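As structure tokens, the structure follows; a few thoughts come after it.
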Amino acid sequence: MSSNTHFLSSVMSGTVVCVGLLAMNWGELSVLPQHVLAQLVGCVLVPCALLLIVTLKDQAEKIAKPQRYPATEWPLPLDEGNPREGYPKYNAQDSAGSFTKICDKLIDECVRDLDKTHELPVAEKKWLKKMLEYNTKGGKMNRGLMVVVSGEKIFESKGLPVDSDTLTKLAVLGWCIEWLQAWLLIADDYMDDSQTRRGQPCWYKIDNVKQIAINDAFIVEMFVFRVLKRHFWAEPYYHQLVDLFMETTFQTETGQLLDLQCMNLGLDDFTEKRWELIVKYKTAFYSFYLPVALGMTVAGVDDRKAYDAAREPLIQMGIYFQAQDDFLDCFGTPEQIGKIGTDIQDKKCGWLFVKAYHSLASPEQKKYLDKHYGQCKVDSEEELAIRKMYKDLKLEDVYQKYEQQSYDEIMAMQPGVEAADLPWAVFDVFLKKVYKRSK
């Protein structure tokens with residue numbers, strides 16, 4: 001308790017005595033003029049009000065600025081008062097460039113601390129820096145940038161000011177999503193035996209990496225929480241951010257489980273329902289819902305109904321987005337999508353396969369799929385025959401109809417979003433980025 005509070009407590013004790021005396025002698029005091037009585041009552045009530053204000057202020061400060069937990073090691077901030085001091089500012093006029101500079105700074109601070117906090121030798125620090133630069137950069141950065149766009153539009157819709165510090169906070173959270181995706185992709189590429197990612201060899205394919213990639217993936221995941229700890233521990237919404245990332249990570253991992261278990265299932269089990277579950281949990285939550293939920297959190301949105309209203313169209317966008325990915329895996333080029341399409345080789349429960357196998361294929365075509373789907377290599381005779389089968393079944397036309405239907409269903413959700421006091425502009429930006437994309 002502060003010295004001011006001690007002083008006011010003493011005043012309060014005296015005030016209580018005064019209240020007792022007033023109560024005991026009210027009959028005699030009631031003959032006094034009203035303005036005199038008002039002054040006496042004021043002398044009693046004002047100290048009480050002051051004590052209440054100071055007490056509430058002390059409590060609010062404790063809630064807003066929690067003490068650092070003594071049982072764990074804390075990252076070293078750049079500055080105790082402002083951990084974002086010295087950071088490049090996010091600039092909407094150069095969104096990609098300024099956003100990337102913030103990533104460079106995050107990499108530098110994460111690696112720089114490790115000799116002090118974890119006694120890591122120079123060689124291992126260099127390894128981690130190279131690993132982060134290789135795996136966190138080079139993508140389209142749509143998920144990360146959408147945190148900034150979402151937060152900015154929600155701030156504006158609530159009439160709140162959006163300064164450069166707020167935009168930089170949102171950008172740091174955007175990189176937390178990009179790093180979340182990075183560690184998921186490192187592990188996913190290893191498990192799928194993928195060859196390329198973003199136009200370059202997958203991390204585990206680099207000399208001397210191999211199985212170390214799995215541990216590297218775990219480390220990138222932990223860097224996400226160290227960034228959150230460094231930059232947001234004193235914010236009132238810090239625990240909500242941690243909860244969002246933990247829950248979304250688990251959702252994504254369960255989606256990955258649903259995907260990987262397909263290797264142990266027969267093709268009859270590759271149903272449209274299973275495909276929707278895979279893409280909902282593996283892709284939609286972290287790619288679409290999380291960026292907007294983070295923007296809402298920083299903007300102070302605390303109504304559960306608002307998050308529910310946002311989730312529905314965003315999950316639908318994520319499902320549609322993955323159908324696009326599945327389509328482009330077959331009908332796109334490596335130059336378009338930044339990787340070699342391997343869904344047929346990898347026995348993926350994908351949109352094209354589900355439509356072909358359960359709706360369009362003849363009995364003979366299904367037999368061919370039973371024999372060769374997931375049993376052939378990329379560019380082999382069998383793999384090319386399955387690609388041709390997809391074309392013969394006119395899956396391109398089926399996809400175009402699905403694409404328009406998905407767009408119409410998402411647009412029909414606009415009234416529900418606006419009824420929850422959320423700006424549809426946030427969702428419109430997302431939809432424009434993915435609708436009819438070719439890469």
> Under 18 Å from the 7 Å Cα→Cβ point of residue 94, by amide nitrogen: which residues of segment 171-211?
Replying inline: 171-172
> Sorted by packing (mean other beta-carbon atoms within 10 Å per residue), highest first, where do 391-398, 185-192, 284-291 land?
Replying inline: 284-291, 185-192, 391-398
> Where the centroid of each part is defined by its Cα atoms, how far is segment 364-439 from segment 293-322 in Å?
Replying inline: 22 Å
> Using just the C-alpha positions of segment 176-293 as equal point scatterers, what log10 of I(q)/I(0) does the Debye formula give at each q in 0.12, 0.14, 0.21 1/Å?
Replying inline: -0.51, -0.68, -1.20
> In segment 362-410, what chymotrypsin sites (Phe, Trp or Tyr not before Pro) fall in a loop by DSSP, with at most 12 other Cβ atoms inside 10 Å?
Replying inline: none
> Using the per-residue mean of other Cβ atoms lying within 10 Å as a proxy for protection, in what order, highest first, do the peptides 141-152, 237-248 fall?
Replying inline: 141-152, 237-248
>> Can you tell me the length gained on complete extension of the stretch residue 388 to residue 208, counting 0.36 nm per residue apart and subtracting the Cα distance?
In response: 61.0 nm
>> Taking 51 Å as R0, compute the FRET efficiency from the Cβ-Cβ separation of residue 396 and residue 250 and round it to 0.05.
In response: 0.90
> What is the extension gain from residue 404 to residue 305, computed as 0.36 nm multiplied by their sequence separation minus the C-alpha to C-alpha distance, in nm to one decimal?
Replying inline: 32.8 nm
> Taking H as built 1.01 Å from N, whose amide H comes closer than 5 Å to the amide H of residue 197, not counting residues under 5 places away?
Replying inline: 202
> Where does segment 92-434 land on Rg(C-alpha)/(2.2 N^0.38 Å)?
Replying inline: 1.04
>> Please report Rg (one decimal) and Dmax (integer) in Å for the Cα set of segment 360-437.
In response: 19.1, 55
> Considering every pair of different Cα atoms, what Kirkwood radius, in Å, is found for segment 306-439?
Replying inline: 16.3 Å
>> Could you check the spin-label model distance between residue 371 and residue 418? Points 7 Å from the Cα along Cα→Cβ, value in nm.
In response: 5.7 nm
> Quick one: which of 275-282, 218-225 comes out on top by average Cβ neighbours within 10 Å, and what's the full order, highest first?
Replying inline: 275-282, 218-225
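Bear in mind these aren't lab numbers, they're just calculated from the coordinates by the rules spelled out. Just so it is clear, the structure is predicted and the values come from calculations on it, not from any experiment. Positions of Cβ are backbone-derived with ideal geometry, glycine not excepted, and every protein chain shown enters the neighbour counts.
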